[in-house]
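The values are calculated or read from the model by the stated rules, or taken from the named source; none is laboratory data. Just so you know, these numbers come straight off a predicted model, no measurement behind them. In this analysis, Cβ positions are derived from the backbone assuming ideal geometry, glycine residues included, and neighbour counts consider all displayed protein chains.
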Amino acid sequence: MNKPLPKPTPAELELLQALWPLGSATAKQVHEAMLAEKPDLAYGAVLRLMQIMHGKGLLIRDESQRSHVYAPAQPKDALQTNLLQDLLQRAFAGSAKALVLAALRTGISRKEREEIERMLKEEKE
């Protein structure tokens with residue numbers, strides 16, 4: 001049986017957010033992608049974090065080329081589902097309704113509300 005992957009730290013999740021659109025990338029490419037949001041981010045910090053994430057099983061690494069190429073160990077939607085399930089159990093006693101109501105109370109845009117209403121209407125049909 002596969003043991004579950006560890007939950008990423010906030011810094012690891014931020015790195016994954018930069019890596020998912022790239023699919024797979026070198027540390028240099030991820031660093032460049034992250035510079036837009038964090039202009040002071042050092043390349044060495046990105047490389048070290050990617051090495052740690054590889055050791056934890058959050059990233060897979062292709063070592064066949066001179067520059068190692070990293071990729072997320074699981075797709076974005078799978079990780080989000082796992083994190084959501086954990087949050088649902090820990091913070092909302094397993095109640096999806098309580099989670100959704102809390103999310104709606106935190107303030108969503110009119111566009112987001114319309115999209116949610118459209119999805120709910122399509123579910124009924």
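Taking the stated definitions as given, is R113 assigned to a helix (DSSP H, G or I), free of Cβ contacts under 8 Å to residues at least 60 places away in the same chain, basic (K, R) and surrounded by 11 or more Cβ atoms within 10 Å (Cβ to Cβ)?
yes
Find the residue count for segment 57-73, including only residues that are under 20 Å from E14 (Cα atoms) and out of contact with any helix residue (DSSP H, G or I) (no Cβ under 8 Å at 6 or more places or on another chain).
Looking only at that region, the number is 3.
Yes/no per residue for (1) assigned to a helix (DSSP H, G or I); (2) surrounded by 13 or more Cβ atoms within 10 Å (Cβ to Cβ); (3) in the same structural domain as I116 (by TED's automatic domain parsing):
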position: P4; (1), (2), (3): no, no, no
position: E32; (1), (2), (3): yes, yes, no
position: T81; (1), (2), (3): yes, no, yes
position: Q85; (1), (2), (3): yes, no, yes
position: G94; (1), (2), (3): no, no, yes
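If you check every pair at least six apart or on different chains, which have Cβ atoms under 7 Å apart with a residue in segment 3-29 that is within 10 Å of A71 (Cα to Cα) first and a residue that is in a loop (DSSP other than H, G, I, E, B) and of a type in the set (S, T, N, Q) second?
Close Cβ pairs satisfying both conditions: T26/S67.
Considering (1) surrounded by fewer than 16 Cβ atoms within 10 Å (Cβ to Cβ); (2) modelled with pLDDT of 95 or more; (3) outside any helix (DSSP H, G or I), say which one R66 fails and leave the rest.
So R66 meets the others, but not (2).
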